[in-house]
1. What length, rounded to one decimal in nm, is gained on full extension from E78 through to R98, with 0.36 nm per residue of separation minus their alpha-carbon distance?
2. Alpha carbon centre of the range 64-83 versus the range 2-19: separation in Å?
3. If you roll a 1.4 Å probe over the chain with all protein chains in place, what percent of the accessible area is carbon or sulfur?
4. With every atom except the alpha carbons ignored, what do you get for Rg and Dmax of the chain, in angstroms?
5. By the gyration tensor of its Cα atoms, with a ≥ b ≥ c the square roots of the eigenvalues, what is the shape of the range 23-81: rounded for a/c under 1.5, prolate for a/b over b/c, or oblate?
6. So what is the accessible area of the chain per residue, in Å², with the probe set to 1.4 Å?
7. Could you give the length gained on full extension between Q161 and K181, defined as 0.36 nm per residue of separation minus the Cα-Cα distance, in nm?
8. With runs of 4+ DSSP H residues as the only contributors, calculate the mean residue ellipticity of the chain at 222 nm using -39,500 (n - 2.57) per run, divided by the residue total and rounded to the nearest 500.
Amino acid sequence: MVEKEFKKVVSKKEFEKLLNLFGYEKKTTQVNIYYTNETIKYEYNLSVRVRCVNGKMLLQVKEPICKGGALNIKREYEKDIESIDYIIRGNELNELTRKKGYKDVYLLGFLVTERYIKKIKEYNCEIAFDKNTYLGKEDYEIELEYSEDIPIELVDMIGFQDAKTAGKYHRYITEYDRIIKHKRRMKI
């Protein structure tokens, strides 16, 4: 599956303003459990996670196809799983993505998202308003997922043109690395 979306991190005030403007039809809570290794983290630019939502667990691998500012296009692979393990074997990732060379990945941590969803039928798209909590931090993100033509009017209205936002996985990794570096400095 190919995922096409615009995303940007916003202030709490802007988040609330846009959520009130658009409203929402559905609210869910999802937990993303992140996995990594040094190669995936720094060379492949992949995200590997287990997404838990509505009692269902999916192993997901996202590979970037195109990234430009707020626009993210990724190939997404996923499958249902029954349990969460500390290690996801490389051969399982290779089988899922039909590629070779992925090594074992290890559980890193998790991020909790309160997601408010609004479908915009006239543009055949969906806006997700996400409040994310991870590693003692909270941020607010707006995602505009579309499947056909880019909904330019919504892109302009929400202000995605100049946004340069890393995805949840990369924001998590950045914060994790910052904490680890800080702890190392404290021990010296």
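1. On the way: separation 20, 0.36 × 20 = 7.20 nm, distance 1.17 nm.
Full extension of this stretch gives 6.0 nm more.
2. Using only Cα atoms, the two centres lie 18 Å from each other.
3. Carbon with sulfur: 50 percent of the solvent-accessible area.
4. 17.1, 58
5. Because a/c hits 1.5 or more and a/b fails to exceed b/c, the range 23-81 counts as oblate.
6. Here the per-residue accessible area is 57 Å².
7. Numbers: separation 20, 0.36 × 20 = 7.20 nm, distance 3.31 nm.
Value of the extension gain: 3.9 nm.
8. Numbers: 4 runs with 46 residues, N = 188.
The per-residue figure over the chain is -7500 deg cm²/dmol.
The values are calculated or read from the model by the stated rules, or taken from the named source; none is laboratory data. Since the structure is predicted, the reported quantities are computational estimates derived from the model, not experimental observations. In this analysis, Cβ positions are derived from the backbone assuming ideal geometry, glycine residues included, and neighbour counts consider all displayed protein chains. Please note that ligands, DNA and RNA were not included when accessible areas were found on the heavy atoms of the full protein model with its side chains. Shrake-Rupley method; radii C 1.70, N 1.55, O 1.52, S 1.80 Å.
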